[in-house]
1. Return the total of residues in the range 199-213 being over 14 Å from ARG86 (Cβ atoms) and touching a His at 6+ places or on another chain (Cβ under 9 Å).
2. Identify all residues within the range 117-137 that are surrounded by fewer than 16 Cβ atoms within 10 Å (Cβ to Cβ) and part of a helix (DSSP H, G or I); write none if there are none.
3. Out of the residues in the range 178-192 that are aliphatic (A, V, I, L, M) and in contact (Cβ under 8 Å) with a residue 24 or more places away in the chain, which is farthest from ALA97 (Cα to Cα)?
4. May I ask you to list the residues in the range 18-40 that are farther than 13 Å from LEU52 by Cα and charged (D, E, K, R)?
5. May I ask you to list pairs of residues, at least six apart or on different chains, whose Cβ atoms are under 8 Å apart, with the first in the range 105-122 being within 12 Å of LEU187 (Cα to Cα) and the second being outside any helix (DSSP H, G or I) and of a type outside the set (D, E, K, R)?
6. Which ranges mark the helices (runs of 4 or more DSSP H) fully within the range 9-98 that have 3 or more residues being under 19 Å from the mean Cα position of the chain (by Cα), assigned by TED's automatic domain parsing to the domain that holds GLU207 and at positive phi?
7. Could you count how many residues in the range 72-97 are surrounded by 18 or more Cβ atoms within 10 Å (Cβ to Cβ) and free of Cβ contacts under 8 Å to residues at least 12 places away in the same chain?
8. Select from the range 133-151 the residues that are among the aliphatic types (A, V, I, L, M) and modelled with pLDDT of 95 or more and list them in ascending order.
Amino acid sequence: MGTNPSVKSSSQIAIRITEAILAKQLAPGTRLGEQQLADLFGVSRTLVREALMRLMARGIVTVSARRGWFVIEPTPEEAREAFEARRVIELGLLRQARLRPIPQAAVEQLREHIAREEAAIAGADVGARSYLLGDFHVCLCECLGNSLLSETLRDLTARTTLTAMLHQSSEQAEDSCAEHVLIVEALERGDLEQAEQLMQAHLQHVESGLNQVRSSDPLEPLRQALAPVSHEGAVKTAAVTDIMSQRHPSKRPQ
């Protein structure tokens, strides 16, 4: 995040921080210093504090009395709840959309969004790739005519993005983009039931990918480093050390 003279309000600061999370530029646990943010945005600490309080209310940052503000580190249970909430919103909107036709302009907007996704994936821009893949769901929500829920969905998407912690591969990104294409094609055909089924499968795929990341043991490197040394290995190490010391005796002062 660089200095941006156009940022004048706490809501704009909150949006920029959320966008940085969606782009995986702010990792879970990142400290957000009030003065640093004020300097970057060229605003007062009061505006920064207001923005951080907004984000805290939305469950994106947390504060410690002595340590300051931090990007949240979602637990597996919190991630599961966020995905459940996303399913309720996104599948519900698609189900409700069966009652009225999807405007062609909305379909074109979604296609343009997917074109940007594909360009970001081809260009290996991890930040843009992550942001656009998450923002597709917000864009879809807006195209289905509910801007109020789109803001809620943006927050939920940010929380599930934090769970990923930069573990999404380019192959997974390509799969997500391909699934977005299928959803938009179903919308263009007017097959809302199929679009809903595709979205349900898509969200399940994304969540399953994050479950695989969480299933890895974060303590494995430390566990291996602190594993007991076998007696045989210790004897061999001592023998090698003794031989080396005989070959290269340390110099003593004359």
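1. Going through the range 199-213 one residue at a time, the tally reaches 3.
2. ALA119, ALA122, GLY127
3. Kept after step one, since they are aliphatic (A, V, I, L, M), are these residues of the range 178-192: 178, 181-184, 186-187, 192.
Adding the requirement that they be in contact (Cβ under 8 Å) with a residue 24 or more places away in the chain leaves 181, 183-184, 187, 192.
On the way: VAL181: 18, ILE183: 13, VAL184: 13, LEU187: 10, LEU192: 7 Å.
Here the residue is VAL181.
4. The answer is GLU19, LYS24, ASP39.
5. Listed pairs, sorted by first residue: ALA106/LEU144.
6. Helices (runs of 4 or more DSSP H) meeting the threshold: none at all.
7. Qualifying residue count, the range 72-97: 0.
8. Just the residues of the range 133-151 that are among the aliphatic types (A, V, I, L, M), to begin with: 133, 138, 140, 144, 148-149.
Listed by number, the residues that qualify are VAL138, LEU140.
The values are calculated or read from the model by the stated rules, or taken from the named source; none is laboratory data. This one's a predicted model, so the numbers in the text were calculated from it and none came from an experiment. Every residue, glycine among them, receives a Cβ derived from its backbone with ideal geometry; neighbour counts consider all protein chains shown.
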